[in-house]
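Each remark here refers to the structure printed beneath this line.
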Amino acid sequence: MTITLQYTNITVHDVDESLAFYRDALGLDVQNDVSSGDYRWVTLGSDAQPGLGIVLSVPHAGRSQADGDAMQELLTKGVLPMLVFSTDDLDGIFEAVRASGAEVLQEPMDQQWGPRDCAFRDPSGNTVRISAAASA
């Protein structure tokens, strides 16, 4: 049996503002852009990892008013789950993301538990960590 992650949802305040981070700074490609009424979902991915998608949407997209309000509160507090990427050029991607104006939480450093990584906040306050890809 094989199982793979197809996509994960990232809740953001503004899809267009978040595209500047995920597409322009991180280099992900827009794979799908879907509108439904007042809401929009944008799926991004990478040729380096076919089949994996990150879906950007606002808190109320596809949710009840109460659930959207709860997601909005969690997003505002900055307590939604973080996203962790892996790259073969940690220093290069760090500089590209920093140049985009993203809030730097941690510059690249060796962690005592093993990886070398860095951390940012996306425009909505979500924590994004980027680790150096493990050597084969």
- [ ] Considering every residue within the range 50-57, establish whether at least one is part of a loop (DSSP other than H, G, I, E, B), within 14 Å of the chain's Cα centre (by Cα) and surrounded by fewer than 18 Cβ atoms within 10 Å (Cβ to Cβ).
- [x] yes
TODO: Look at residue 66 and say whether it is farther than 22 Å from residue 122 by Cα and either within 16 Å of the chain's Cα centre (by Cα) or at pLDDT 95 or above (or both).
DONE: yes
Open item on the list: Which residue is farthest from residue 125 (Cα to Cα), if the candidates are limited to the range 1-39 and must be of a type in the set (A, V, I, L, M) and loosely packed, with under 13 Cβ neighbours inside 10 Å?
Closed with: 1
Open item on the list: Go through the range 58-67 and report how many residues are part of a helix (DSSP H, G or I) and within 17 Å of residue 35 (Cα to Cα).
Closed with: 0
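Kindly indicate whether any position in the range 95-106 is of a type in the set (Val, Ile, Thr) and under 17 Å from residue 17 (Cβ atoms).
yes
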Open item on the list: If residue 116 satisfies all but one of (1) within 24 Å of residue 41 (Cα to Cα); (2) in contact (Cβ under 8 Å) with a residue 24 or more places away in the chain, what's the number of the condition it fails?
Closed with: (1)
- [ ] Would you be able to tell me the number of residues in the range 1-46 that are modelled with pLDDT under 90, touching a strand residue (DSSP E or B) at 6+ places or on another chain (Cβ under 7 Å) and either outside any strand (DSSP E or B) or polar (S, T, N, Q) (or both)?
- [x] 2
Open item on the list: Kindly evaluate residue 87 against the criterion of being under 18 Å from residue 26 (Cβ atoms) and over 13 Å from the mean Cα position of the chain (by Cα).
Closed with: yes
Task: Pairs where the first residue, in the range 42-68, is on the phi > 0 side of the Ramachandran plot and the second is assigned to a loop (DSSP other than H, G, I, E, B) and not aromatic (Phe, Trp, Tyr), C-beta under 8 Å, 6+ apart - done: 51/4; 51/6
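The values are calculated or read from the model by the stated rules, or taken from the named source; none is laboratory data. The structure presented is a predicted model; accordingly, all values stated were derived computationally and were not measured. Positions of Cβ are generated from backbone atoms using ideal geometry, with glycine treated the same way; all protein chains shown enter the neighbour counts.
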